[in-house]
Amino acid sequence: MSILVGTDTRLCVSGLTGREGSFHTLNNRSYGTNVVAGVTPGKGGQDVEGIPVFNTFREAVAATAANTAMIFVPARFAADSILEAEDAGIATIIAITEGVPAHDELLVYNTLARNPGVRLIGPNCPGVLSPGEANVGIIPAQFFKQGNVGVVSRSGTLTYQIGNELAQRGFGNSTIVGIGGDPVPGSSFIDIIALFEADPQTELIVMSGEIGGTAEEEAAAYIAEHVSKPVVGYIAGLTAPPGKTMGHAGAIVSGSSGGGAAKVQALEAVGVRVGRTPTQVAAIAVEVLGGQRS
Amino acid sequence: MDLLEYQGKQLFARYGMAQSPGRAARDVDSAVAAAEAVGYPCAIKAQVKIGGRGKAGGIKIAGDVSQAREHASAILGMDIRGLVVQELWIERAAEIEDEYYAAVVFDRSAKKPLVMLSTRGGVDIEAVAAETPEAIATLHVDPLVGFKPFHGRRLAFEAGVAPDVVRGVAELVGQLYAAFVGEEAMLAEVNPMVVTPAREVLALDAKVTLDSNALFRHPDNAALTDPSDVDPQESMAKERGLTYVKLDGDIGIFGNGAGLVMSTLDVVAGAGGAPANFLDAGGGAKAESIVAAIEVILSDAKVRAVLFNVFGGITRCDEVARGLIEAVRILSPTVPFVVRLDGTNDVEARELLAAAELPGVVTEATMDGAAARVVAMAAEASA
């Protein structure tokens, strides 16, 4: 078992014919992901290394029964592409695109909120990897193997860092989910933690947060009420100065809100152990799982 | 992207928000001309993005042309908590009967714009929120519906504004919301919103933060600058398309991925060091962009040592090593580098670095080890 992407995934890629889109899609296919279609308006009928391209999501879904979308188009087109995928009946939408305007994300979020059957991951995220089953996005799969640790993170490279340290200690992952570093991510920590809680393969949840917003505090309250599995946390940006955007559009301490210390405190108050460095996160995870190899 | 007061006011004017007439000036003569044009008494206000301007002497009222000249000369060039005043905003001084507060904020938690209105304006609103939260009327707006006239009336009545200005206040709040959405702001705040003896409602201040990711749709806003707050490294990085934030310390930081770089800053601070910058080289960094990034880091004279912390995913470590080797050859840095590379092609990268035998460049196997080493080197260099 895994969450979000797996052996049932039938992937349709918006932006397949672009340089980045084709490179990563073909990587995903080599990993074993079932890539069934691409969408590029005006390029319907073409193919990319055998993957058929359609003009619209509706055509792609009708012809291939795609159930998952990956969004790889430039930022100014991303919101439209996400809404098109939803309109075509796609249930899982994973948006890799970076730099999407926050007001676009607001409209997308509130539109998708009316449809309980759809889930958006991202934008500005590295994607979702279920080791041994499917990889949708840009996560370098070679560092991860199947196992019992579920990872949810606002950052890409930091996820690889933590995942690699876990792998060096012999642990694998059920699924790794990058929820992205933007102010309005389609899915929050809570959404993904709920999926891990229900996933029998996942025995430990690692959540990697960062400064900005209150998603980590909200996750802490949720964990206290609804999560029986152990959770290990990390917060990046504890020493970041207020008022500065630290790379991710959402990583900013504004006035008294969004600071890292409050997030650590909220998590620790509900029994989540928070590592102070990525190395410490891996060490705590090993300790919680009793040092056994998965 | 934070705007100066006058930039915010010019933006508000596009949405019809009532204000005192005003003009911007960058030298004393233009300031005097502006004062003559707007009339006396007028307020001469320092344009810097920092709270407490008034207390620092950055806002003065001029009753005639000689006072206008005197105040403009005093305020231009003034140092307000490290920012040197380069621009003034001169506006007709408003007569004030009541001071209100209005704002639209991008509520990340609710995923909706939050509109706030209070009759306790002209003071620190966070203090009002902490002590008497009931004094602030709030409303979340469904972005798919927008802000309707009834929203404005509801807020005005709930906030308890004077009955004869409910209409004026509601209208101004509606215009503020339109500006927030139209310009794609993360924050649009008016504090104070004043009521004059003639019962006019005016926006007397403007605090606006725009979404940098949306600037491609707003070329006029993208061109706005703040001459009092120009950092040489930050401008250099911006020209080169790098994500760079200047910090106060002496350890230069190069990394890839915002989360990993933030984490690197924390680990360096934890080891007792002080980072000089945040620099995210991004995914798939190529040799030439690495040289450009290192040049930016080294142009900060405070830097005494550099930490290179890369986890290769899409980014190939061997490519990063080539970039570093090239940078050292081109730039001949005088400060030491500590390098930690892991991930895609890390073995090749370490071999390349070993073969290059770069002077002053050492490698470390772990992030924690590399942080400790660079902190020690920076301390040694400053001793």
Exercise. Of these, A:135, A:148, which one is touching a residue at least 60 places away in the same chain (Cβ under 8 Å) and within 13 Å of chain B (Cβ to nearest Cβ)?
Worked result: A:135
Exercise. Restricting attention to region B:115-147, which residues are touching a strand residue (DSSP E or B) at 6+ places or on another chain (Cβ under 6 Å), away from chain A (no Cβ under 14 Å) and part of a helix (DSSP H, G or I)?
Worked result: B:135
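So that you can scan it fast, the table gives a plain yes or no per residue for (1) closer than 15 Å to residue B:10 by Cβ; (2) within 13 Å of chain A (Cβ to nearest Cβ); (3) within 11 Å of the chain's Cα centre (by Cα); (4) hydrophobic (A, V, I, L, M, F, W, C):
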position: B:213; (1), (2), (3), (4): no, yes, no, no
position: B:218; (1), (2), (3), (4): yes, yes, no, no
position: B:223; (1), (2), (3), (4): yes, no, no, yes
position: B:227; (1), (2), (3), (4): no, no, no, no
position: B:233; (1), (2), (3), (4): no, no, no, no
position: B:237; (1), (2), (3), (4): no, yes, no, yes
position: B:240; (1), (2), (3), (4): no, no, no, no
position: B:244; (1), (2), (3), (4): no, yes, no, no
Exercise. Hey, any hits in region B:301-317 for a residue that's more than 25 Å from residue A:251 (Cβ to Cβ) and without any contact (Cβ under 8 Å) to a residue 24 or more places away in the chain?
Worked result: yes
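Name every residue in region B:302-322 that is away from every other protein chain (no Cβ under 12 Å) and surrounded by fewer than 24 Cβ atoms within 10 Å (Cβ to Cβ), in order of residue number. Show your work before the answer.
The first filter runs over region B:302-322 and keeps only residues away from every other protein chain (no Cβ under 12 Å), leaving B:302-308, B:318-322.
Within region B:302-322, B:302, B:303, B:304, B:318, B:319, B:322 qualify.
Residues of region A:278-294 being surrounded by 22 or more Cβ atoms within 10 Å (Cβ to Cβ) and either closer than 20 Å to residue B:253 by Cβ or in contact with a Cys (Cβ under 6 Å, 6 or more places away or on another chain) (or both), which ones? Lay out the reasoning, then the answer.
Filtering region A:278-294 for residues surrounded by 22 or more Cβ atoms within 10 Å (Cβ to Cβ) gives A:278, A:281-282, A:285.
Selection gives A:278 alone.
Looking at residue A:84, is it of a type in the set (Asp, Glu) and either surrounded by 23 or more Cβ atoms within 10 Å (Cβ to Cβ) or in contact with a helix residue (DSSP H, G or I) (Cβ under 6 Å, 6 or more places away or on another chain) (or both)? Lay out the reasoning, then the answer.
Values: of a type in the set (Asp, Glu): yes; either surrounded by 23 or more Cβ atoms within 10 Å (Cβ to Cβ) or in contact with a helix residue (DSSP H, G or I) (Cβ under 6 Å, 6 or more places away or on another chain) (or both): yes.
Considered against the rule, which asks whether it is of a type in the set (Asp, Glu) and either surrounded by 23 or more Cβ atoms within 10 Å (Cβ to Cβ) or in contact with a helix residue (DSSP H, G or I) (Cβ under 6 Å, 6 or more places away or on another chain) (or both), residue A:84 comes out as yes.
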Problem set entry | Test: residue in region B:105-114 that is of a type in the set (Val, Ile, Thr) and not in a loop (DSSP other than H, G, I, E, B) | yes
Exercise. Is at least one residue of region B:164-183 of a type in the set (Phe, Trp, Tyr), more than 24 Å from the chain's Cα centre (by Cα) and in a helix (DSSP H, G or I)?
Worked result: no
Seminar exercise, completed: Considering region B:184-200, residues that are within 18 Å of residue B:125 (Cα to Cα) and within 14 Å of another protein chain (Cβ to nearest Cβ), and then whichever is farthest from the chain's Cα centre (by Cα), we arrive at B:191
For this session: Find the residue count for region B:45-100, including only residues that are small (Gly, Ala, Ser) and within 22 Å of the chain's Cα centre (by Cα).
Result: 8
For this session: Tell me which of these residue A:227 doesn't satisfy, since it passes every other one: (1) closer than 20 Å to residue A:2 by Cα; (2) at pLDDT 95 or above; (3) in contact with a Gly (Cβ under 8 Å, 6 or more places away or on another chain); (4) more than 9 Å from chain B (Cβ to nearest Cβ).
Result: (3)
Exercise. What are the pairs, 6+ residues apart or on separate chains, where a residue within region B:102-115 that is farther than 16 Å from residue B:137 by Cα has its Cβ under 8 Å from a residue that is modelled with pLDDT under 95 and in a strand (DSSP E or B)?
Worked result: none
Problem set entry | All positions within region A:198-217 that are within 22 Å of residue A:113 (Cα to Cα) and either at pLDDT below 95 or in contact with a Ser or Thr (Cβ under 7 Å, 6 or more places away or on another chain) (or both) | A:213, A:214, A:215
Exercise. Restricting the search to region A:75-116, which residues are within 18 Å of residue A:20 (Cβ to Cβ), within 14 Å of another protein chain (Cβ to nearest Cβ) and in contact with a Ser or Thr (Cβ under 7 Å, 6 or more places away or on another chain)?
Worked result: A:75, A:78
Exercise. What is the residue count in region A:60-72 for residues that are surrounded by 23 or more Cβ atoms within 10 Å (Cβ to Cβ) and either of a type outside the set (A, V, I, L, M, F, W, C) or within 30 Å of residue B:282 (Cα to Cα) (or both)?
Worked result: 5
Problem set entry | Residue among A:218, A:210 that is surrounded by fewer than 18 Cβ atoms within 10 Å (Cβ to Cβ) and assigned by TED's automatic domain parsing to the domain that holds residue A:280 | A:218
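For (1) of a type in the set (A, V, I, L, M, F, W, C); (2) over 30 Å from residue A:194 (Cβ atoms); (3) not assigned by TED's automatic domain parsing to the domain that holds residue A:175, each residue gets a yes or a no:
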| residue | (1), (2), (3) |
| --- | --- |
| A:23 | yes, yes, yes |
| A:38 | no, yes, yes |
| A:52 | no, yes, yes |
| A:114 | no, no, yes |
| A:117 | no, no, yes |
For this session: Assess whether residue B:109 counts as being under 30 Å from residue B:211 (Cβ atoms) and touching a strand residue (DSSP E or B) at 6+ places or on another chain (Cβ under 7 Å).
Result: no
For this session: Can you tell me which residue among A:236, A:261 is buried (at least 24 other Cβ atoms within 10 Å of the Cβ) and either within 14 Å of chain B (Cβ to nearest Cβ) or closer than 23 Å to residue B:188 by Cα (or both)?
Result: A:236
For this session: With the condition kept exactly as written, say whether any residue in region A:147-170 is basic (Lys, Arg) and buried (at least 24 other Cβ atoms within 10 Å of the Cβ).
Result: yes
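May I ask you to list the residues in region B:62-101 that are part of a helix (DSSP H, G or I), in contact (Cβ under 8 Å) with a residue 40 or more places away in the chain and among the charged types (D, E, K, R)?
Looking only at region B:62-101, we keep the residues that are part of a helix (DSSP H, G or I), and these are B:65-75.
Now narrow it down to the ones that are in contact (Cβ under 8 Å) with a residue 40 or more places away in the chain: B:69, B:72-73.
Selection gives B:69 alone.
Give A:154, A:119 a once-over and let me know the one that is under 24 Å from residue A:104 (Cα atoms) and away from chain B (no Cβ under 12 Å).
Working: A:154 fails: away from chain B (no Cβ under 12 Å).
Within the list A:154, A:119, the selection yields A:119.
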For this session: Working only within region A:1-24, note down all residues that are in contact (Cβ under 8 Å) with a residue 40 or more places away in the chain, more than 20 Å from residue A:143 (Cβ to Cβ) and not in a strand (DSSP E or B).
Result: A:1, A:7, A:8, A:9, A:10, A:15, A:16, A:18, A:20, A:21
Exercise. Could you list, in sequence order, the residues of region B:333-349 that are surrounded by 18 or more Cβ atoms within 10 Å (Cβ to Cβ) and over 21 Å from residue A:159 (Cβ atoms)?
Worked result: B:333, B:336, B:337, B:338, B:339
For this session: Take residue A:142 and decide whether it is at pLDDT below 90, closer than 30 Å to residue A:38 by Cβ and surrounded by fewer than 22 Cβ atoms within 10 Å (Cβ to Cβ).
Result: yes
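The values are calculated or read from the model by the stated rules, or taken from the named source; none is laboratory data. Quick caveat: nothing in here was measured; it's all calculated off a predicted structure. Cβ sites come from the backbone with ideal geometry, for glycine too, and all protein chains shown count toward neighbours.
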